[in-house]
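Have a look at the structure below, then the notes.
The values are calculated or read from the model by the stated rules, or taken from the named source; none is laboratory data. Quantities reported herein were computed from a predicted structural model and do not represent experimental measurements. Cβ placement follows ideal geometry from the backbone for every residue including glycine, while neighbour counts extend to all protein chains displayed. Note: areas computed on protein heavy atoms with side chains; ligands, DNA, RNA excluded. Shrake-Rupley method; radii C 1.70, N 1.55, O 1.52, S 1.80 Å.
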Amino acid sequence: MKKALNCILVCCMVLFVSCKKDNVFNVSCIGDSVTFGWTLENPEEQSYPALLNSSLNMMIQITKAFSNEEATETGTEINVRNFGVCGTTLGHSCDMPYIKEQAYQDALASDPDLVIMMLGTNDSKPQNRIYKEEFKQDLDNLVASFRKLKSKPAIILMTPPHAFSQGWGINDSVLTADIRPIIQEYASENSIELIRLDSATQNHPEYFSDGIHPNLEGQMLISKCVMGSILVHANIQ
């Protein structure tokens, strides 16, 4: 039984090592304050990208511990980086467009193998709804800007999580009627993987510190929703 387990673990490492020549699989997470980790005590360690980075690399270290010496000496790692910016919108005409932030340029320069996008919550604010007709084209432009990178990253779209309050003018009814359906439609039309965070969070108000921003438990839930997809894209199955 032990030999069989060791064999499986080594095979996983071989698959992972083959996914990129420098043995690093880069994941770039772009989004607003939900991605950034606003209200968390320590976003650098508790946001969902940080949780993914630590847990995935812990898995790799455990795999190495059970593998042979050659596999153990590889520099394999998954690098999950957080490019979230509080208050940002998907829409380029809205009050705080993500594409005008330095984080967007940093994300483009991050050599991503996988990009996880979660924007739209702040687009539900009253001052931003006048630009709702531009939302789908803005989404296409954002996706296209990453798809044309030399690294040719895969894309994952996530719908904004359920909003349990109307703080900052954020409105879940607008998200439900206008924003999430456009993201879902766009993902379907372009064969892009979609993760429905609204479905995952709609029955869990206890996972949000102020009705809008996930607490640590909420960030852990998001990381669990994403982890399986990262493993598949990193060729660890």
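For the structure I just gave you, tell me whether S145 is over 21 Å from the mean Cα position of the chain (by Cα), farther than 22 Å from R196 by Cα, of a type in the set (S, T, Y) and outside any strand (DSSP E or B). No, not satisfied.
Being outside any helix (DSSP H, G or I), open to solvent by 10 Å² or more (accessible area, probe 1.4 Å) and in contact (Cβ under 8 Å) with a residue 60 or more places away in the chain is true of S110.
Counting only helices (runs of 4 or more DSSP H) that sit completely within the stretch 27-67, those holding 3 or more residues that are among the β-branched types (V, I, T) correspond to 48-66.
Within the stretch 147-159, is there a residue that is open to solvent by 60 Å² or more (accessible area, probe 1.4 Å) and touching a residue at least 40 places away in the same chain (Cβ under 8 Å)? The answer is no; no qualifying residue exists.
Whenever a residue of the stretch 120-143 is over 19 Å from S33 (Cα atoms) and touching a residue at least 60 places away in the same chain (Cβ under 8 Å), it has no partner that is open to solvent by less than 20 Å² (accessible area, probe 1.4 Å) and not hydroxyl-bearing (S, T, Y) lying with C-beta atoms less than 6 angstrom away and at least six residues away or across chains. For the stretch 192-237, a residue qualifies if it is assigned to a helix (DSSP H, G or I), open to solvent by 50 Å² or more (accessible area, probe 1.4 Å) and either among the hydrophobic types (A, V, I, L, M, F, W, C) or more than 18 Å from S165 (Cβ to Cβ) (or both), and the qualifying residues are S199, L216, M220, K224, V232, H233. When you check S188 against the structure, is it touching a strand residue (DSSP E or B) at 6+ places or on another chain (Cβ under 9 Å), in contact (Cβ under 8 Å) with a residue 24 or more places away in the chain and surrounded by fewer than 15 Cβ atoms within 10 Å (Cβ to Cβ), yes or no? No. Counting only residues that are surrounded by fewer than 19 Cβ atoms within 10 Å (Cβ to Cβ) and under 15 Å from the mean Cα position of the chain (by Cα), the stretch 47-61 holds 2 of them.
Looking at the structure I just gave you, is A163 in a loop (DSSP other than H, G, I, E, B), aliphatic (A, V, I, L, M) and surrounded by 18 or more Cβ atoms within 10 Å (Cβ to Cβ)? I'd like the intermediate steps shown before the answer.
Values: in a loop (DSSP other than H, G, I, E, B): yes; aliphatic (A, V, I, L, M): yes; surrounded by 18 or more Cβ atoms within 10 Å (Cβ to Cβ): yes.
For A163, the condition - in a loop (DSSP other than H, G, I, E, B), aliphatic (A, V, I, L, M) and surrounded by 18 or more Cβ atoms within 10 Å (Cβ to Cβ) - is met.
Which residues, counting only those in the stretch 158-181, are among the hydrophobic types (A, V, I, L, M, F, W, C), closer than 20 Å to C225 by Cβ and either out of contact with any Asp or Glu (no Cβ under 7 Å at 6 or more places or on another chain) or at pLDDT below 95 (or both)? Reasoning before the result, please.
Quick first cut of the stretch 158-181, residues among the hydrophobic types (A, V, I, L, M, F, W, C) only: 158, 163-164, 168, 170, 174-175, 177, 179.
Still in the running and closer than 20 Å to C225 by Cβ: 158, 163-164, 175, 179.
The answer is M158, F164, L175.
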